[in-house]
Amino acid sequence: MPLFALVLVLTSALLHAIWNAIVKSGGDHLVAAWGTATGAAITALPMMGATGLPSPGSLLFVGVSGVLHALYNLALVRAYDHGDLSLVYPIARGIAPALATAGAVVVYQEALPAVAYTGIGLVTLGVLLIGESGRHVPMSRPAVLWSVLTAACIAAYTLVDRQGIRLTSTTSYIMGLFWINAVLLSFYVRVRRDAWPWRLVAPGRWGPLAVSGIFSLVAYLLVLLALSISRVGYIAALRETSVLIAAWVGWRHLGDPHGMPRLLSSAVVVAGLALLIAFR
């Protein structure tokens, strides 16, 4: 793997974990998720102006993916309402690739090598260990449930994107779904909070939310750039090091309990993901 690709993907993993930490650290997780989505969409606007709109043939996939991304954000918000970063993030990001791989086998009849089953087993074991480490934390079961639903949304939009991204330029596809996601979250917050979300942002939170949105977009674009110069399996596996980063940030900076057990359990998840993705 080229050194430049390694730097890109590890930077992406760090940025992804950080924007999740910003959302988790906000008092209103729903408003924080909206701010992140909107910040990413606004940052993406100049890029959309340069690349143009998605092709007509991709619009259905863009729309479905945008809805699934909004559902992903809502499930993530509920997970963070109930659980710590070091509990929610590893479960959501750990289960998602396993679900997506299984979905690809069913939907697209993709072959699954024998070693992938070992990877799925390790991911499952790691996630169970993470859940077990938090069994004494109040409301940890709802956190685990919402984390699993978050993973299901990630797997679903991954399967949709697999087809949709082939019908238009990658940049226009991503920018389109980012805007759909932001608009849907805006109206959802309006209904749930009886106010438009920009009126609910606490003083001093605009800066962190802007950073969160930029990090969200840049993390995705860095992965795309890394994919253009290195093998997909290597990039996808290394990207999941964000699981370890989030477990560490939650433990050392957000005061999550059971930090070390969750960090070690997250390492098991990463090992399983490396097998699952690098040899798929």
Quiz item: Taking the stretch 248-258, which residues are crowded, with 19+ Cβ neighbours inside 10 Å, modelled with pLDDT under 70 and of a type outside the set (A, V, I, L, M, F, W, C)?
Solution: Asp256, His258
Quiz item: Taking the condition under 30 Å from Ala50 (Cβ atoms) and at pLDDT below 85, does Arg162 pass?
Solution: yes
Practice problem: Quick one: count up the residues across the stretch 191-225 that are surrounded by fewer than 15 Cβ atoms within 10 Å (Cβ to Cβ) and over 29 Å from Thr171 (Cα atoms). | Solution: 8
Quiz item: Out of (1) of a type in the set (A, V, I, L, M); (2) in contact with a helix residue (DSSP H, G or I) (Cβ under 8 Å, 6 or more places away or on another chain); (3) at pLDDT 75 or above, what's the single condition that is false for Val191?
Solution: (2)
Quiz item: Quick one: Val67 ticks every box in (1) surrounded by fewer than 23 Cβ atoms within 10 Å (Cβ to Cβ); (2) β-branched (Val, Ile, Thr); (3) touching a residue at least 40 places away in the same chain (Cβ under 8 Å); (4) over 21 Å from Trp196 (Cα atoms) bar one, so which box is it?
Solution: (4)
Quiz item: Hey, does the stretch 183-195 have a residue that's in a helix (DSSP H, G or I) and farther than 19 Å from Tyr72 by Cβ?
Solution: yes
Quiz item: Can you tell me which residues in the stretch 187-220 are of a type in the set (A, V, I, L, M), over 15 Å from His29 (Cβ atoms) and more than 21 Å from the chain's Cα centre (by Cα)?
Solution: Val191, Ala195
Exercise. Go through the stretch 1-33 and give me each residue that's in contact with an Asp or Glu (Cβ under 9 Å, 6 or more places away or on another chain) and surrounded by 24 or more Cβ atoms within 10 Å (Cβ to Cβ).
Key: Lys24
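Per-residue answers, yes or no, for (1) at pLDDT below 80; (2) under 16 Å from Ala274 (Cα atoms); (3) among the hydrophobic types (A, V, I, L, M, F, W, C):
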residue	(1), (2), (3)
Gly121	yes, yes, no
Val127	yes, yes, yes
His136	yes, no, no
Gly176	no, no, no
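When you look at Arg93, is it surrounded by fewer than 24 Cβ atoms within 10 Å (Cβ to Cβ) and of a type outside the set (A, V, I, L, M, F, W, C), yes or no?
Considered against the rule, which asks whether it is surrounded by fewer than 24 Cβ atoms within 10 Å (Cβ to Cβ) and of a type outside the set (A, V, I, L, M, F, W, C), Arg93 comes out as no.
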Self-check item: Selection within the stretch 5-59 - within 20 Å of Trp179 (Cβ to Cβ) and polar (S, T, N, Q)
Solution: Thr36, Thr38, Thr43, Thr51, Ser55, Ser58
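The values are calculated or read from the model by the stated rules, or taken from the named source; none is laboratory data. Please read all numbers here as calculations on a predicted model, not as lab measurements. All Cβ positions, even for glycine, are placed from backbone atoms using ideal geometry, and neighbour counts span all protein chains on display.
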